[in-house]
Structures are given as structure tokens and as C-alpha cells.
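For reference, the structure I am asking about is given below.
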Amino acid sequence: MSIDASKVAAIEFASVVLALPLAFWFAMYMASRWWAINWRPILPWLRILRWFSWACGVALFLTSLARSSFPTSYGVFTLGFAAGLSIPESWVKRRFAAG
């Protein structure tokens, strides 16, 4: 069984992009358990990164609609990355921005 190289690249891209927010949240969680770190200053940067990735995801999705040679999955997975960033952002808000 042979898999096309573009499909392998799409699978790799999807795996990395969808796992990054969870890995980032896990690293933040473990760091806050071991050390006394206040993650509140990172909140504006997470919000900027989330909105920037939404914009990139929409741009990639619209590019895929305009050009049939560009895969649609890149835009969809980038939008998934942006949605995944809400996990660490909401955790920081709930844990550190309450006071």
C-alpha cells in the first residue's frame, strides 16, 4: 500500500497543529505545579496568537476555495489550532486572572 506524499504531509501537519495547543497547555500546567509561576502576563499574547491563527486559518481556507490545487485541510487544521488555543487561554483565565 502506497500513500501519496501530499497526504502524508497533510497528516503530519494535522497531527502537529492539533497537538501543539495541548502540549503547550500541559507544559504550562506542569511548570505551574513545580514552580510558582504567574501565567497572567501571557494572557494577551495567547489572545493575539489565537486571533492571528484564526486569520491565517480563514486565509488558508479561502485560498483553498479559490485555487483547487491548494488542499482545504490546511485551513481547517489551522482553524482547529486556533480553537485549541482556547484551552490554555481559558485555563490561565480561570486559574490566574481571577484575583
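Name the single residue that is surrounded by the fewest Cβ atoms within 10 Å (Cβ to Cβ) among those in the range 73-88 being β-branched (Val, Ile, Thr) and more than 14 Å from Phe52 (Cα to Cα).
Residues of the range 73-88 that are β-branched (Val, Ile, Thr), as a first pass: 76, 78, 87.
With more than 14 Å from Phe52 (Cα to Cα) added as a condition, the list becomes 76, 87.
Details: Val76: 16, Ile87: 14.
Per the criteria, the residue is Ile87.
Of all residues in the range 45-83 being of a type in the set (Val, Ile, Thr) and without any contact (Cβ under 8 Å) to a residue 40 or more places away in the chain, which is farthest from Leu20 (Cα to Cα)?
In the first step, residues of the range 45-83 are kept if they are of a type in the set (Val, Ile, Thr); the result is 48, 58, 63, 72, 76, 78.
In the following step, the residues that additionally are without any contact (Cβ under 8 Å) to a residue 40 or more places away in the chain were identified as 48, 58, 63, 72, 76.
Working: Ile48: 16, Val58: 19, Thr63: 23, Thr72: 20, Val76: 15 Å.
Per the criteria, the residue is Thr63.
Hey, another quick one. Which count do you get for residues in the range 48-72 that are surrounded by fewer than 15 Cβ atoms within 10 Å (Cβ to Cβ) and closer than 19 Å to Ser90 by Cα?
3
Of all helices (runs of 4 or more DSSP H) completely enclosed by the range 4-99, which ones contain at least 2 residues that are touching a Lys or Arg at 6+ places or on another chain (Cβ under 7 Å)?
On the way: elements: 5-34, 43-66, 73-84, 86-96.
In the range 4-99, the matching helices (runs of 4 or more DSSP H) lie at 86-96.
Quick check, is Arg94 closer than 18 Å to Ala14 by Cα, at pLDDT 85 or above and among the basic types (Lys, Arg)?
Working: closer than 18 Å to Ala14 by Cα: no; at pLDDT 85 or above: yes; among the basic types (Lys, Arg): yes.
Considered against the rule, which asks whether it is closer than 18 Å to Ala14 by Cα, at pLDDT 85 or above and among the basic types (Lys, Arg), Arg94 comes out as no.
The values are calculated or read from the model by the stated rules, or taken from the named source; none is laboratory data. Treat the numbers as computed from the prediction; the structure is a model and nothing was measured. Positions of Cβ are backbone-derived with ideal geometry, glycine not excepted, and every protein chain shown enters the neighbour counts.
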